[in-house]
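Sharing a structure with you now.
The values are calculated or read from the model by the stated rules, or taken from the named source; none is laboratory data. All values reported here derive from a predicted model rather than from experimental measurement. Virtual Cβ from ideal backbone geometry, glycine too; neighbours counted across all protein chains shown. The accessibility values were calculated without ligands, DNA or RNA, using every heavy atom of the protein model including side chains. Shrake-Rupley method; radii C 1.70, N 1.55, O 1.52, S 1.80 Å.
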Amino acid sequence: MRKIFGLMLLCATVVGFVSCEKEEGNASEGYPSIIGTWSQLIGSSSGDNATIDTEVVWIFRENNTATEQLLIIMNGTVVKTQNLQFTYTYYGTYIDLKNDKTTIRYNVSISGNTMRLGNDESGYFNLTKW
């Protein structure tokens with residue numbers, strides 16, 4: 001009888017451990033947040049009467065949507081904007097960006113208020129958080 005009780009106790013313990021699966025947490029838990037607005041000046045030229053800057057801006061929202069903006073700025077005034085909208089999943093060291101036309105996987109590295117975002121194929125952004 002003791003052996004049967006011991007075996008039942010052992011089985012109950014094993015079942016208890018097996019059924020306690022680790023819950024799926026946030027994939028980026030423990031990594032710096034990307035939420036916010038990040039930008040990089042990617043080009044600048046000056047002439048006699050005008051300064052033209054080209055800036056890329058990434059906006060990451062808590063609802064897992066993102067916007068990539070390309071801004072053309074003449075003498076401090078935005079004269080052209082192009083926007084791409086994405087949904088994203090952030091995994092801490094990389095991010096998957098998706099829209100109806102494409103899926104992109106970028107590497108992510110954050111140090112303080114700077115983010116390196118990109119891949120070898122498309123190149124990298126060196127962004128600063130606003």
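Taking a spot 7 Å from the Cα of Ser46 along the direction of its beta carbon, which residues of the range 65-89 have an amide N less than 13 Å from it?
Once the point is set 7 Å along Cα→Cβ of Ser46, 75-76 turn out to lie under 13 Å by backbone N, inside the range 65-89.
For Trp38, Trp130, give the ranking by accessible area with the largest first, probe 1.4 Å. List each step's numbers first, then the result.
Values: Trp38 0, Trp130 190 Å².
Ranking Trp38, Trp130 by accessible area, largest first, yields Trp130, Trp38.
So how exposed is Lys98, as accessible area in Å² (1.4 Å probe, rounded to 10)?
Lys98 has an accessible surface of roughly 100 Å² with all protein chains in place.
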